[in-house]
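Reading through the structure tokens given below for one structure.
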Amino acid sequence: MGRTTKTGGEKGQVARFFANIFGLPREEFERLGRTPEGAAPKMSGAMHLQNQPEFWADAPWRLEPDQDSIPVSFHVRDANLQPPGRGPWRLDMLRVEQLLPGGNWHKLAVLLPADLPGVDEQGFSLSDFWVHGTSVPLSRVQGAVRGQKVHLRGLFLGSFAPYDEAANVEIHLEVLLTREGLPQGRAAAGSGPRHWFYGDTHYHSAYTNDLKEFGGAVLEARRAGQAVGLDWLVVTDHSADLDEVAAGHGGRRRWDRLVDDVASPAISDENLRWILGEEITLLGSGGWPLHMLALGALEDMIEGAFLPADSNATEMVLARRALEVIVEVGRGYSADIPDRLFGTVLTLEEVMSRLPEGALAFAAHPFDAAQVPPARWSRKDLAHPRLTGYQYWNGRSRARAGMTTNPFARWTDSGALARADQDRIEKLWQRAAERWDPQLQRGVRNWPARQELPPWRPVLIAGSDAHCDFNYHVGWAWDYRRFEVNDNALGRARTAVYVPEGGEDGVPPVARILAALKKGACVATDGPLVEFCLEQDGRVAHLGDLLLVRRPAPVSLRATSHTTGEFGPVREVEIVSYWHGQTGREPRHTVVKAGGRAVLDLDGRQGYCRLQARSLGPQGQGFCCFTNPVWLRVADGQVRRIQVSFD
């Protein structure tokens, strides 16, 4: 007997999601789902559905100043699709071109089948998922100037059988050639050891590959991550995909192959560390399907289908039946599509019980309905003691477009972009106040007297949730030109960890990065890097640390911002503080201007401070940064004051 799995959000979202994938109206997809067993569909739409290859070209959205070439990658999914699908597609040529000021296109790279591994001499792919990466030296780029953008397009030139008519695809890309590296990052660091290391906590590789989506090849993600300025990357492919066993791999699961990739010195080294993770689909306590990131110490994957097979929710039953009909009457679709999408989904408690002891667990996009069916983590589930924290910041998007292969031609209204930034940042700040601070307060109130840090102190992290998406994000659809794109990309929303030991010889080992994430020695940002410490009598507490106040001597809070011309100056910081026993129940918010001073009343025996800040870029772009807390406890319980400076 099936269970009633709640589907959450607006009615019809599951049907709308799958309808977009096939290019069908939602109503038509729903009618397919009502087709009785053994009956023929009553409309023509499904009869004309034909699977086809999908094409994507990509390049990083920014290029650090220590990089002298632009990595460009070409991706073809279902590249060797056979009839009755629309295929096979024959490749004649790949090109990378640059848009010049007069509107002409300048060839930067031309690749023929003979130049390409994985393609035979006639131009046919030897695999179903074909990827090729190349590099364009900046010396070939006309008028390349640091601080400006280069507009490129990737061209797939080829044809479908009977090969008498061109079937070409072009993808437009823009790359910012930065003057300065990410603040305190690899290209910005001076002499001596670094202490800050940037990462993306939520990335999907090509092992996320199913009817609805695909990610980017591991090697190409490495090249793009380094170009953007990342030091580490957590690969969190979907549990629904990782148990897939493909022909030609000796019966090994995608998970097993991913484990090998992440362990390879060609992928993970002192220049860019890869961290093995998984995005697990689970059922929350209220019956909602949710996503969770698990990373570090993973010995095996944890199962979790895209949707629960035992659900008797109307939308679930309808969607599965519609997919069965499409597989039956459409052309070129794999018969196992319904079985791959629907399967076992464990409860939150079951998943937590299977996590290795050392694994970190973060609620994925807990305040956004970012999965299908749309649902958000409940307050009860967000308080699960096994959670390390929240991947609260999921992607960074300020511009959207549809029905286009060149979204940059649409993203020109500076006023609309500025308003989108303001709305996005206000929402982030509001959610931090409404959903994160109450959990931090709960940790303070339940903090045992003999324990150095609160047992419950959820850490806030940021990640892009990129599926390839090195330049911008493409939505779920059978033809990406038909659906929404936005400017989220790998490394747009990122997490910077603070490692006191630093790294003179590259990025610290994965164990240190994970320790910093677990402790909360990190900030979430899409622009500037803001940090602070608490100090008394020469004892210093950084992010995630405890300062034990033992004497009446002054306590100081020193805030510092690190930024570049790309992200603009930080003109003020906002200190959010809470003390158990203080006057008033809500956290206090204190704004301090750059170069300014302030005084905070420390009128409780224990509590925390955290910082948040904004900046404006040169074209009015909005950016922000959130720190995790520094914890404080007063040994004698006497009222103190904290002297604040922001330099």
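The values are calculated or read from the model by the stated rules, or taken from the named source; none is laboratory data. From a predicted model like this one, the values you see are computed outputs, not experimental measurements. Here the Cβ is made from the backbone with ideal geometry for all residues, glycine too, and neighbour counts use every protein chain on show.
Right, TYR207: within 24 Å of ASP231 (Cβ to Cβ), buried (at least 17 other Cβ atoms within 10 Å of the Cβ) and touching a Gly at 6+ places or on another chain (Cβ under 6 Å) or not?
Spelling it out, it is not the case that TYR207 is within 24 Å of ASP231 (Cβ to Cβ), buried (at least 17 other Cβ atoms within 10 Å of the Cβ) and touching a Gly at 6+ places or on another chain (Cβ under 6 Å).
With the checklist (1) crowded, with 16+ Cβ neighbours inside 10 Å; (2) more than 30 Å from VAL327 (Cα to Cα); (3) not acidic (Asp, Glu) in hand, flag the one item ASN104 doesn't pass.
So ASN104 meets the others, but not (1).
Would you say GLY147 is closer than 30 Å to ASP66 by Cα and not in a strand (DSSP E or B)?
Against the criterion (closer than 30 Å to ASP66 by Cα and not in a strand (DSSP E or B)), GLY147 qualifies.
Please go through segment 414-472 and pick out each residue that is over 21 Å from TRP393 (Cβ atoms), among the basic types (Lys, Arg) and loosely packed, with under 13 Cβ neighbours inside 10 Å.
ARG450
Check segment 40-47 and report whether any residue there is crowded, with 18+ Cβ neighbours inside 10 Å and either modelled with pLDDT of 95 or more or assigned by TED's automatic domain parsing to the domain that holds ARG223 (or both).
no
Among the residues of segment 318-356 satisfying the criterion of being β-branched (Val, Ile, Thr) and loosely packed, with under 15 Cβ neighbours inside 10 Å, which is farthest from VAL510 (Cα to Cα)?
Filtering segment 318-356 for residues that are β-branched (Val, Ile, Thr) and loosely packed, with under 15 Cβ neighbours inside 10 Å, the one farthest from VAL510 (Cα to Cα) comes out as THR344.
Among the residues of segment 334-354, is any assigned to a loop (DSSP other than H, G, I, E, B), touching a Gly at 6+ places or on another chain (Cβ under 9 Å) and either under 22 Å from TYR203 (Cβ atoms) or small (Gly, Ala, Ser) (or both)?
Scanning segment 334-354 turns up no residue that is assigned to a loop (DSSP other than H, G, I, E, B), touching a Gly at 6+ places or on another chain (Cβ under 9 Å) and either under 22 Å from TYR203 (Cβ atoms) or small (Gly, Ala, Ser) (or both).
How about segment 109-144: which of its residues are at positive phi and part of a helix (DSSP H, G or I)?
Passing the criteria: none in range.
Name the residues in segment 247-299 that are surrounded by 22 or more Cβ atoms within 10 Å (Cβ to Cβ) and in contact with a Lys or Arg (Cβ under 6 Å, 6 or more places away or on another chain), would you?
The answer is TRP288, and nothing else.
Restricting to segment 490-512, give me the number of residues that are at pLDDT 95 or above and either more than 16 Å from the chain's Cα centre (by Cα) or more than 29 Å from PRO629 (Cβ to Cβ) (or both).
9
Run GLY544 past the list (1) in contact (Cβ under 8 Å) with a residue 60 or more places away in the chain; (2) at positive phi; (3) out of contact with any helix residue (DSSP H, G or I) (no Cβ under 7 Å at 6 or more places or on another chain) and report the number of the one that doesn't hold.
(3)
Could you pull out the residue among GLN184, GLN226 that is surrounded by fewer than 23 Cβ atoms within 10 Å (Cβ to Cβ) and within 18 Å of the chain's Cα centre (by Cα)?
GLN226
Scanning segment 297-331 for residues that are part of a loop (DSSP other than H, G, I, E, B), charged (D, E, K, R) and touching a helix residue (DSSP H, G or I) at 6+ places or on another chain (Cβ under 8 Å), which turns out farthest from LEU242 (Cα to Cα)? Full working, then the answer.
Here is the first cut: in segment 297-331, the residues part of a loop (DSSP other than H, G, I, E, B) are 297-306, 309-310, 312-313, 330.
Keeping just the survivors that are charged (D, E, K, R) gives 299-300, 303, 310.
Filter once more, keeping what is touching a helix residue (DSSP H, G or I) at 6+ places or on another chain (Cβ under 8 Å): 300, 303.
Details: ASP300: 10, GLU303: 8 Å.
Looking at the filtered set, the residue picked out is ASP300.
Return the residue satisfying two criteria in turn: it lies in segment 559-611 and is assigned to a loop (DSSP other than H, G, I, E, B) and small (Gly, Ala, Ser), and of such residues it is farthest from HIS195 (Cα to Cα).
Within segment 559-611, the match that is farthest from HIS195 (Cα to Cα) is GLY584.
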